[in-house]
Amino acid sequence: MIGAMDDDLVFKALADPTRRSLLDRLFARDGRTLTELEAQLEMTRFGVMKHLKVLEGAGLVVSRKRGREKLHFLNPVPIRQIHDRWISKYRAHEVSALLDLKTRLEDTA
Amino acid sequence: MTTMTDTTTQVYQLYIRATPEQVWDAITNPETIARYFHGAQLDPGPLEVGASRRTWSPDRSRLWGDNTILECDPPRRFVHTWRSLYDDELAAEDESRVTWEIEPAQSGTSKLTLIHDKLEGAPKTAASVRGWSFILSNLKTVLETGEPFPAEE
């Protein structure tokens, strides 16, 4: 779970539309049960569990027990570390200004 | 749909190539904290339940936080209250809670989990503390390279 291997697991986990969609759902509303996540996907409970396991293995999702339920949380730290690897803090401002511009232009289009 | 969704808890987790004792030191020692937490200056004080943790801006002109230790179990678990005082709107919100959990992991690493919860009465604080990713990423750099992280400006 350290160093270069970390990044491999993160990129492999992200290279799947269903898993990205699970992260989108947690980003919109964090701390969800498997049942909640499963309800909105055209997929078996077992399928969702398998995808969550890959995301947890990459550290992108962390689960915590709450009473008898298991809640899933989006862990943004691995993505931050990938960001820090290629975007120095001196350039972060320019990158975010360009992304703001893109959002503004595309919203008015 | 179940009502178990928890939108007022944030969870952050990372592995750091350091012992649990080193991680504990990094989250409690004022000198180390200044190196990864925006140059924050923490007043020295006892590490015990009920003790206060006052944090100041780098030049000590502004109080950034005045939090109370709720649990202290070195080098495993550290819990304290949270209120951001550097901004009036945030300062007016309810107090929330920060829990640090440190567990030994494989190959000489430690797993650090930060849980920021009880954010029900602090929606603006909840949005602002998304910056924990940045802080924790800096903390890892400081511990693994031993180099001071340059202050963010």
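Derivation of every value follows stated rules applied to the coordinates shown; laboratory data play no part. It should be emphasised that the depicted structure is a prediction, and the values quoted were computed from it without experimental measurement. When we count neighbours, we look across all protein chains shown, and the Cβ atoms used for this are built from the backbone with ideal geometry, even at glycine.
Checked against (1) within 14 Å of chain A (Cβ to nearest Cβ); (2) outside any strand (DSSP E or B); (3) within 14 Å of the chain's Cα centre (by Cα), B:ILE33 passes all but condition (1).
Give me the residue from the range B:102-123 that is within 14 Å of another protein chain (Cβ to nearest Cβ) and in contact with a Lys or Arg (Cβ under 6 Å, 6 or more places away or on another chain) and, out of that set, nearest to B:LEU143 (Cα to Cα). By that ranking, first place goes to B:THR109.
Residues being away from every other protein chain (no Cβ under 14 Å), more than 28 Å from B:THR99 (Cβ to Cβ), among the small types (Gly, Ala, Ser) and in contact with a Leu (Cβ under 9 Å, 6 or more places away or on another chain) are entirely absent from the range A:93-102. Residues of the range B:50-90 that are surrounded by fewer than 16 Cβ atoms within 10 Å (Cβ to Cβ), among the hydrophobic types (A, V, I, L, M, F, W, C) and within 20 Å of B:LEU119 (Cα to Cα): B:LEU70 alone. Condition check: of a type in the set (Gly, Ala, Ser) and farther than 20 Å from B:ALA34 by Cβ. Does B:SER57 satisfy that? Criteria not met by B:SER57.
Restricted to helices (runs of 4 or more DSSP H) entirely inside the range A:1-99, those with at least 1 residues that are free of Cβ contacts under 8 Å to residues at least 40 places away in the same chain and surrounded by 16 or more Cβ atoms within 10 Å (Cβ to Cβ) are A:17-28, A:34-39, A:45-57, A:77-86.
Residue by residue, here is whether (1) hydroxyl-bearing (Ser, Thr, Tyr); (2) more than 14 Å from chain A (Cβ to nearest Cβ) holds:
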{"site": "B:ASP6", "(1), (2)": "no, no"}
{"site": "B:ARG62", "(1), (2)": "no, yes"}
{"site": "B:ASP88", "(1), (2)": "no, yes"}
{"site": "B:SER96", "(1), (2)": "yes, yes"}
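Only helices (runs of 4 or more DSSP H) whose full extent lies in the range B:57-153 are considered here, and the ones with at least 1 residues that are touching a residue at least 40 places away in the same chain (Cβ under 8 Å) are B:123-128, B:132-145.
Condition first: among the small types (Gly, Ala, Ser) and within 14 Å of another protein chain (Cβ to nearest Cβ). Now tell me which residues in the range A:1-60 satisfy that. Let's see the steps before the verdict.
Here is the first cut: in the range A:1-60, the ones among the small types (Gly, Ala, Ser) are A:3-4, A:13, A:15, A:21, A:28, A:31, A:39, A:47, A:57-59.
Listed by number, the residues that qualify are A:GLY3, A:ALA4, A:ALA28, A:GLY31, A:ALA39, A:GLY57, A:ALA58, A:GLY59.
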